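What follows is a set of notes on a single structure, which appears directly below.
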Amino acid sequence: AQSVTQPDIHITVSEGASLELRCNYSYGATPYLFWYVQSPGQGLQLLLKYFSGDTLVQGIKGFEAEFKRSQSSFNLRKPSVHWSDAAEYFCAVGARAGKSTFGDGTTLTVKP
Amino acid sequence: DAGITQSPRHKVTETGTPVTLRCHQTENHRYMYWYRQDPGHGLRLIHYSYGVKDTDKGEVSDGYSVSRSKTEDFLLTLESATSSQTSVYFCAIRTGLAGETGGNEQFFGPGTRLTVL
């Protein structure tokens, strides 16, 4: 069965600092991987996705993620965090049948 | 914007009463999903649909039923609500064709906050 682990429940960074959110997955074949962001009181918005090809994926709002098969990881990064990036972030792994499994989320707090 | 609306957006009900949540989409996507979101648990799949009258269970389906009589509407019913079903419920649609590379991303509705007293 597929699974996703986000080891960090809560991360705090200063505005302008770099950010890395960790995601580890378990899946029997080549995974479909996603990062979503959720602002308070809102639904989830897709940041980026990986299906195949280049292992470094660019997304919206200046985010990128790198797929590392050897480490079963898909970590999200941003070189310089803005106060508006404060939100909850979810990593997900998807199967061709369309059923996605989500991690428990990482809450990002941005200090001024 | 994938044209997904959910109704109601907020509901308070009492234990033992039936509750139906509605998800409506405007773009005729085949796949639709119901999730619940609880603190510390991320999103968990309740049921999903892959076409009119075609539905299947997710990982937390006990106590829930679904129906899809039209492409655009996916209903989630709690036959007899319990306090453990207090949660935020999200509907999602999946773009792309079944099995198509790149077709698995999901777009989410704004959510329904349900409180069962």
So what J values fall out for region A:54-66 if you push phi through Karplus, 6.51 cos²θ - 1.76 cosθ + 1.60 with θ = phi - 60°, rounded to Hz, Gly and Pro as x? 3, 7, 9, 10, 9, x, 7, 6, x, 8, 9, 9, 10
Could you please report the charge total around A:Gln58, scoring K, R as +1 and D, E as -1 over all other residues with beta-carbon less than 12 angstrom from its beta-carbon? +1
Indicate the gyration tensor shape class of chain B (rounded, prolate or oblate), computed on the Cα atoms with a ≥ b ≥ c the square roots of the eigenvalues: a/c under 1.5 is rounded; otherwise a/b larger than b/c is prolate and the rest oblate. prolate
Mind listing the long-range amide H neighbours of B:Gly58? Cut-off is under 5 Å, sequence gap 5 or more, other chains count too, H placed in the peptide plane at 1.01 Å from N. B:His47, B:Tyr48
Descending semi-axes in Å of the protein assembly as shown, equivalent ellipsoid built from Cα gyration tensor: 30, 21, 15
What is the log10 of I(q)/I(0) for region A:1-102, computed with the Debye formula using one identical point scatterer on each Cα and no solvent, at q = 0.11, 0.21, 0.22 Å⁻¹? -0.31, -1.13, -1.23
Estimated vicinal HN-Hα couplings, Hz - region B:27-36 in sequence order (Karplus 6.51, -1.76, 1.60; Gly, Pro = x): 10, 6, 6, 6, 9, 9, 9, 10, 10, 10
Nearest 100 Å² is fine: what is the total accessible surface buried where chains A and B meet, probe 1.4 Å? 1800
Accessible area per residue in Å² at 1.4 Å probe, computed on chain A: 47
For chain A, set up a GNM with springs between Cα atoms under 10 Å and report which of A:Arg22, A:Arg77, A:Arg69 has the largest fluctuation. A:Arg69
Label region B:1-55 by shape, choosing from rounded, prolate and oblate, from the square roots a ≥ b ≥ c of the eigenvalues of the Cα gyration tensor; if a/c is under 1.5 it is rounded, and otherwise prolate applies when a/b is larger than b/c, oblate when it is not. prolate
Filter the trypsin sites (Lys or Arg not before Pro) in region B:17-66 to those in DSSP coil with at most 14 other Cβ atoms within 10 Å of their Cβ, and list the result. B:Lys53
Over 30 Å between Cα atoms, which of B:Lys11/B:Lys70; A:Lys68/B:Lys70; A:Lys61/B:Lys57; A:Lys111/B:Lys57; A:Lys49/B:Lys11; A:Lys61/A:Lys99 qualify? A:Lys68/B:Lys70; A:Lys61/B:Lys57; A:Lys111/B:Lys57; A:Lys49/B:Lys11
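The values are calculated or read from the model by the stated rules, or taken from the named source; none is laboratory data. If you're wondering where the values come from, they're calculated on a predicted model, not measured in any experiment. Note that we place each Cβ from the backbone using ideal geometry, even for glycine, and neighbour counts take in every protein chain shown. In case anyone asks, the SASA skips ligands and DNA or RNA and just uses the protein heavy atoms, side chains included. Shrake-Rupley method; radii C 1.70, N 1.55, O 1.52, S 1.80 Å.
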